[in-house]
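*Asks:* Have a look at this one before I ask anything.
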Amino acid sequence: MPKAKVIKVNALDSIKMDFSTLGIRTNLRDFQLAFLLNKHWDCNLVCRPEGEDVYRNDALWYFSVYDGHHREGLRMCLISLYSHVTDYHATSGLTLFDAPTQVHLLPTLKAWDYLLIVENMEFAFDLEAQLKQAESITTAQYFEAHTQLNTQETHLLYEISNSQQH
């Protein structure tokens with residue numbers, strides 16, 4: 001009897017993860033950026049009651065997430081890339097003064113403060129050009145997440161954007 005061949009399957013490989021992404025750099029707080037996007041570009045972003053939490057370096061870090069849709073029905077998700085609150089567990093012997101004050105959700109994208117994930121590439125291109133003209137936006141850039149991020153980070157963004165709570 002021939003020996004059975006073991007095939008390793010990654011269930012996430014079959015999921016399309018090439019969503020359109022805008023990196024946004026601004027001094028605005030997350031709720032201010034969401035308000036700006038809602039007011040000028042009809043994004044209808046609403047903050048999730050509980051943000052995304054990531055456990056890193058003996059601390060629980062929270063990241064704001066806003067879900068919305070454009071008037072044309074396009075789903076979108078705004079993610080704050082910097083933590084805004086932490087629940088620090090001093091299990092490593094560090095004091096409050098030794099603990100990091102901020103953590104970035106996606107270490108490969110430290111140049112950006114926020115990511116806006118959208119379903120439609122054309123809309124993302126148009127919005128990028130318009131955001132670059134806004135006074136309160138330092139810069140914005142369109143990119144495909146699967147080309148800029150490692151697999152783990154792409155999967156994390158996919159999970160966050162597809163776990164809408166409203």
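*Asks:* First select every other residue whose beta carbon is under 11 angstrom from the beta carbon of Gln141; then total the charges, Lys and Arg +1, Asp and Glu -1.
*Replies:* Numbers: positive: Arg25, Lys132; negative: Glu128.
Result for the local shell: +1.
*Asks:* Moving on to the next point. Just to verify a number: FRET efficiency for Thr151 and Asn27, C-beta to C-beta distance, R0 = 25 Å, to 0.05? Each step should come with its number before you reach the end.
*Replies:* Working: r = 32 Å, r/R0 = 1.27.
About 0.20, to the nearest 0.05.
*Asks:* Once you sort the root eigenvalues of the Cα gyration tensor of region 119-166 as a ≥ b ≥ c, which label holds: rounded (a/c under 1.5), prolate (a/b larger than b/c) or oblate (the other case)? Present the calculation step by step, with values, prior to reporting the outcome.
*Replies:* Working: a/c = 2.13, a/b = 1.66, b/c = 1.28.
Taking the square roots of the gyration eigenvalues as a ≥ b ≥ c, region 119-166 is prolate.
*Asks:* Taking amide hydrogens as modeled 1.01 Å from N in the peptide plane, which residues meet the under 5 Å criterion relative to Cys43, leaving out close sequence neighbours?
*Replies:* It is Asn38, by chain and number.
*Asks:* How would you order 110-122, 133-145 from highest to lowest mean count of nearby Cβ atoms within 10 Å? Write out the running numbers ahead of the final one.
*Replies:* Details: 110-122: 18.6, 133-145: 15.2.
Result, highest mean Cβ count within 10 Å first: 110-122, 133-145.
Laboratory data are not the source of any read-out in this text; all were calculated from the coordinates shown. Worth saying up front: this structure is predicted, and the values here are computed from it rather than measured. Methodologically, a virtual Cβ is constructed for each residue, glycine included, from the backbone with ideal geometry; neighbour enumeration extends over all protein chains shown.
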